[in-house]
Amino acid sequence: MLFSLHDLELRKIEFAETYAPGKIDLGEEAVQKAPLTAEGRAELLEEHHGGKQVVKDIRVVGKFATQVELRCARCVEPVVQELSGDFDLLYRPLSTMQREDDVSINEAESEIGYYKGEGVELEEVLKEQIFLALPMQILCTEECKGLCAQCGQNKNMGECSCAKPSDPRWAALAGLKDKLKQ
């Protein structure tokens with residue numbers, strides 16, 4: 001769904017959309033497992049920058065909810081995670097951004113996104129919000145034992161027959177234990 005400048009000049013746009021799993025590509029790290037629901041509104045805000053210069057910002061306010069499948073950070077097994085959130089975003093035309101190499105911005109400007117062309121795509125807004133809502137890492141359980149560093153077997157499914165690796169940092173002290181027993 002495109003929030004076009006032309007439509008927004010006429011009226012605010014209310015939306016209530018549902019996207020089937022797989023409709024929005026989340027890359028290889030996450031897979032959408034349930035419908036993505038989103039509702040809210042988009043509106044045009046005009047900022048007067050002196051004289052006759054008017055900047056047409058698009059404000060998108062709403063909420064979303066879905067389920068995604070991620071991989072456990074320790075054992076790489078699939079984990080389904082509920083995601084939801086509210087957003088209040090402001091998009092400014094890309095043409096208004098200064099073209100200098102090093103541009104300092106204030107805190108308020110760091111919260112502004114930019115759009116190119118005729119408007120903002122809702123799908124791109126939602127994709128960005130999903131990525132921001134993803135946890136940095138997720139575990140299948142707090143007790144997850146992970147994978148064997150040597151053979152790669154999932155230790156939650158059972159122990160492997162690999163020899164336990166010794167820590168090379170203790171190698172210098174390995175013979176000391178035997179000497180003390182004598």
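The values are calculated or read from the model by the stated rules, or taken from the named source; none is laboratory data. Here the structure is a predicted model, which means the values were calculated and not measured. Neighbour counts are summed over all protein chains in view; Cβ atoms, including those assigned to glycine, are modelled from backbone coordinates with ideal geometry.
Here are the numbers for the structure shown:
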quantity	calculated
Subset of region 115-154 [of a type in the set (Ser, Thr, Tyr) and surrounded by 13 or more Cβ atoms within 10 Å (Cβ to Cβ)]	Tyr115
In region 54-84, the residues that are out of contact with any Gly (no Cβ under 8 Å at 6 or more places or on another chain) and closer than 23 Å to Leu8 by Cβ	Val54, Val55, Lys56, Asp57, Arg59
Members of region 34-79 found to be basic (Lys, Arg) and surrounded by fewer than 17 Cβ atoms within 10 Å (Cβ to Cβ), listed by number	Arg41, Lys52, Lys63
Residue in region 90-113 that is surrounded by 11 or more Cβ atoms within 10 Å (Cβ to Cβ), at pLDDT 90 or above and either closer than 19 Å to His6 by Cα or more than 18 Å from the chain's Cα centre (by Cα) (or both) present	yes
Only one of Glu39, Glu47 that is assigned to a strand (DSSP E or B), acidic (Asp, Glu) and touching a Gly at 6+ places or on another chain (Cβ under 7 Å)	Glu39
Members of region 116-148 that are assigned to a strand (DSSP E or B) and either within 21 Å of Glu29 (Cβ to Cβ) or under 19 Å from the mean Cα position of the chain (by Cα) (or both)	Val120, Glu121, Leu147
Residues satisfying the stated conditions in region 12-33, i.e. part of a loop (DSSP other than H, G, I, E, B) and either at negative phi or surrounded by 13 or more Cβ atoms within 10 Å (Cβ to Cβ) (or both)	Lys12, Ala20, Pro21, Lys23, Ile24, Asp25, Leu26, Glu28, Glu29, Ala30, Lys33
Residue within region 149-160 that is in a helix (DSSP H, G or I), modelled with pLDDT of 90 or more and within 29 Å of the chain's Cα centre (by Cα) present	no
